[in-house]
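Visitor: Handing you this structure, nothing more for now.
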Amino acid sequence: MFYTVKLKTVIIIALIICALVPVVACAVTSAVSSDGVAVPIIMYHSVLKNQRRLGKYVVTPDELESDMKYLRDKGYTTVFIQDLIDYVYNGKTLPEKPVILTFDDGYYNNNYYLLPLLKKYDMKAVISIVGTFADAEDETKTRNPNFSYLSWGDMDELIKTGYIEIQNHSYDMHKITSSRNGAKMRKGESLADYEAFLNSDIMKLQNLMEEKLGCKATAFVYPFGAYSRESSDIIKKMGFLATLSCTEGVNKITKDPQCLYMLKRYNRPHNKSVASFIK
C-alpha cells in the first residue's frame with residue numbers, strides 16, 4: 001500500500017514538471033526577462049534617393065523598406081517612446097519584441113518617403129524636431145525632400161495619422177560652435193548659467209509644440225548625443241520622462257523610471273542593414 005501511494009506521488013510530481021517545461025521554454029524566447037524588456041532603438045536621419053548624398057546619416061527609401069521588412073519578418077513590433085513611458089509608469093504592456101524607429105532633425109523627406117512606408121507596413125516612428133528648422137520652414141513656400149524640413153503644419157498632419165510621434169531635439173542647440181557642442185556644458189560655465197541655458201532653449205521648443213501642435217514632448221533627444229554629467233538632472237526637472245543618446249546598445253526596460261534616461265540607439269548608415277545589429 002505504501003509503495004503504491006509513493007509511486008502515485010512520484011507520477012504526479014513528474015506530470016507537474018512536464019507540464020511546466022513548455023512554459024519555461026516560452027519564457028526563454030520572449031523579449032521579457034527578469035532584468036527587463038529588451039528594446040532596440042534604431043536611429044535614422046535623412047531618407048533620399050540621391051546616390052551622391054548617401055552616407056552615415058542618409059539612407060535610401062529602398063534601404064528603409066528593407067529594414068522594415070526584416071523587422072516584420074523577425075517578429076518585431078514598432079512602438080513609440082510614450083509606450084515605454086506608459087509601461088513604466090502606467091502598467092501598460094509592451095509587445096513581445098518591441099523596437100523603436102527614430103528619425104532625428106525633422107527632415108521633410110521623412111514625410112515624403114517614410115510616412116507611405118509606415119502606412120504600408122503598419123509601423124510607427126518617432127521624429128525628433130529642431131525648433132529653428134521648423135520655424136524657418138514655415139516661411140518657405142518651396143518644399144523639396146532633398147533640402148526641406150518639416151513645417152509645423154506638416155507635423156500636425158503627421159501626428160494626426162497615428163503613425164508618428166514628435167519629440168524634442170532642442171530649439172537651437174543642433175550646432176557645434178567654438179564654445180559649445182550641442183547641449184553640452186561649456187568649459188568654465190557655472191551650473192546656474194548652464195541650467196538657465198538649457199531651460200531657455202528646450203522649454204522654448206516645448207512651448208512652441210504646445211502652441212503649434214497642442215502637445216508637449218515627453219522625451220528629449222540630445223543633439224549629436226552630446227551631454228554633460230549635469231544635463232540629466234536639469235532635464236528631469238523640466239518634466240521629461242525619457243532622454244535619447246547616441247550610445248549604441250539594446251535597452252532593458254524595467255519598472256524603474258531611471259531606465260528611460262539615456263536610451264541607447266543604433267545608428268543605421270547607408271549600406272549597413274539593421275540585420276547587422278538586430279537579430
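The values are calculated or read from the model by the stated rules, or taken from the named source; none is laboratory data. Note that the coordinates shown come from a computational prediction; the quantities given were computed from them, not determined experimentally. Cβ coordinates were reconstructed from backbone atoms using ideal geometry, including for glycine residues, and neighbour counts include every protein chain displayed.
Visitor: Among the residues of region 107-161, which ones are more than 21 Å from K175 (Cβ to Cβ), among the small types (G, A, S) and either in contact (Cβ under 8 Å) with a residue 24 or more places away in the chain or not assigned by TED's automatic domain parsing to the domain that holds K216 (or both)?
Guide: Correct list: A125 only.
Visitor: Considering only residues that are buried (at least 18 other Cβ atoms within 10 Å of the Cβ) and hydroxyl-bearing (S, T, Y), look in region 185-227 and name the one that is farthest from K175 (Cα to Cα).
Guide: T218
Visitor: Go through region 235-248 and give me each residue that's surrounded by 13 or more Cβ atoms within 10 Å (Cβ to Cβ) and closer than 22 Å to D86 by Cα.
Guide: Within region 235-248, I235, K236, M238, F240, L241, A242, T243, L244, S245 qualify.
Visitor: Six or more apart or on different chains, Cβ under 7 Å: which pairs go from a residue in region 227-243 that's on the phi < 0 side of the Ramachandran plot and in the same structural domain as V39 (by TED's automatic domain parsing) to one that's surrounded by 16 or more Cβ atoms within 10 Å (Cβ to Cβ) and of a type in the set (F, W, Y)? Could you list them?
Guide: Taking only residues 6 or more apart or on different chains, the pairs are E230/Y194; S232/Y261; I235/F220; F240/F220; A242/Y261; T243/F220; T243/Y222; T243/Y261.
Visitor: Give the number of residues within region 255-270 that are surrounded by 15 or more Cβ atoms within 10 Å (Cβ to Cβ) and assigned to a loop (DSSP other than H, G, I, E, B).
Guide: 7
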